[in-house]
Amino acid sequence: MVRLCAAAILVSLLSGTAFAQETSSPLVRANPNWPSDAEARELLDELYYQRAIHAYYLTLNVLNTIALRDGSETAFGKGYHKVTTWHSRMGPKTWAPTPNADIMYNMWYADLKETGPLVVAAPPNAIAMITDFHQATLTDIGRAGPDRGNGGLYLVLPPDYSGFVPEGDWTVKSPTYNVFLFFRFVLDQGEAGPDMTKAIELASRARTYPLWALEREIPPMEFHDASNIPLNHMYPHDFAFWEKLKAFIEHEPLEAFGPQTRGVLASIGIIKGEPFEPTAKQRELLEKAMEVAPKMILAQRKLGRPDGRYKYYDDRQYINVWAGATSEFMQQNYLDIDMRAAFFQLAYSSAPAMVRRAIRTGSKYPVTFRDENGEVLSGSNSYRMRLPEGIPAALYWAVTIYNIADGTMPAETSQDLPTRNSLDRLVQNEDGSFDIFFGPELPNGAPEKNWIQTVAGRDFFLILRLYGSDIEFFDQTWKPDDVVKVN
């Protein structure tokens, strides 16, 4: 009896040992000891590099806005009263992501840390917005905003403002000291094409001034026409990206970025109030991230989302650059950082009026970079895009081409502007449709007025802008035809 108990105990101990061995951590079984110092350094370098990639994705929207501001301030100086405008339409000389050549622009910037509360006097009939430097819209202005197109006074408060707020203005509070004022004005029909006269007059009536400034202390507005001036509004693609980001963080409140983003930035050495001094190896990894991250975003844009939310139609190649998210890039239960990065790689300004299904008061932007067969659009080929009769755009429509990598306009063609719009007096088909042609040379049989010249050997994409988009677009009873290759 005693021997049986001893045997049972021995079996129990042996089986317990086997059980302990079977349930030990897989990580312990694979790596029972410390990695070597060389392997540990290699792993941490890889982690640093991956965090730099992630930081690029999280902050590209901010650097996009910083670049807009820096480009204007380099050319025309700094000040809440200095407006960059385009009296002859924005063209390829303005190096910016997807500029709109078919509308009148006012773009300017203010630092609420310097001005305090800022009043923005909006003229009537503006299509505009005020955004923070994350490009989150603080308010739409115009038909889609509270003034309903009549114009009025908007008051922008700094993030730390706790003083008196007068009644009577539309008041918003910015989470960043830096704010971006982005105003657009629709052009009129002229004898030969778009007429800028009224748009320029309205745009010149925009005003900004500190709330507590006396009239005699307020400098007059300066409107600087950048139509024929080379202007660089593009975010940097080298180490300057990180330096500009660090300077922004130092200037802004700590809460300008959320704690998780601050944690990612801290892991690569960017911490508010502390020096940013990467080692030679870390600088190499940060510069490598600047080369690879844009390619990763470009790859995501080309291959698309597995869930298909970026597709406008089941039977067309057109995509929605918001992929069904809000203007802040919120999906139902998460922030869509991939779509946000893809957007700000090629565009700026994401406003509710661009995303909401607002009848005749918002705007829509179907984009395509593929032809009807799913092949990418090449500037070496010739194509036709047909817009069926009844284009649902109460204000105007336009078709514009851009470079794939960053959304800039091709500047190497003989045409002043790579765009055609509803005010251009284009040749119309007998059935009421319009054909827009693309190619390095005028395609056979194409009206020259309807042709946009491409750059041979360079891929491109196009945007169909529908301002004052109407119900036929939203219920998809009207669709643009796919782009088709022609001889």
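Read the figures in this text as sums done on the coordinates, not as results from a lab. All of these numbers come straight from a predicted model, not from anything done at the bench. Cβ placement follows ideal geometry from the backbone for every residue including glycine, while neighbour counts extend to all protein chains displayed.
Of note:
- Nearest 10 degrees, 0 to 90: helix 240-251 Cα axis against the chain principal axis: 90
- Label-to-label distance, Glu46 versus Ser162, with points set 7 angstrom from Cα along the beta-carbon direction: 4.9 nm.
- Using the Karplus relation 6.51 cos²θ - 1.76 cosθ + 1.60 with θ = phi - 60°, the per-residue 3J(HN,Hα) values for the stretch 97-103 come to x, 6, x, 9, 8, 10, 8 Hz, with x marking Gly and Pro.
- Label-zone membership for the stretch 325-365, site Arg305, 7 angstrom Cα→C-beta point, backbone N under 12 Å: 325-327, 329-343
- Between the stretch 173-233 and the stretch 345-359, the alpha-carbon center distance in angstrom: 20
- Debye, to nearest 20: dipole size of the stretch 78-232, +1 on Lys, Arg Cβ, -1 on Asp, Glu Cβ: 180
- Tilt relative to the chain, helix 337-346 - C-alpha long axis, 0 to 90 degrees, to 10: 40
- Three-way shape call for the stretch 337-486 based on the alpha-carbon gyration tensor, with the a/c threshold at 1.5: oblate
- Distance between the C-alpha centres of the stretch 274-325 and the stretch 120-136: 27 Å, rounded to the whole angstrom.
- With Rh defined as the Kirkwood radius, the inverse of the mean 1/r over Cα pairs, the Rg/Rh of the stretch 78-232 is 0.97.
- Charges were assigned to the Cβ only: +1 to each Lys and Arg, -1 to each Asp and Glu. The resulting dipole of the chain about its Cα centre is roughly 620 debye.
- Summing Cβ point charges (Lys, Arg +1; Asp, Glu -1) relative to the Cα centre of the stretch 144-233 gives a dipole of roughly 200 debye.
- The candidate values were [x] 1.18; [y] 0.90; [z] 1.01; the one computed from these coordinates for Cα Rg over 2.2 N^0.38 Å carries the label [x].
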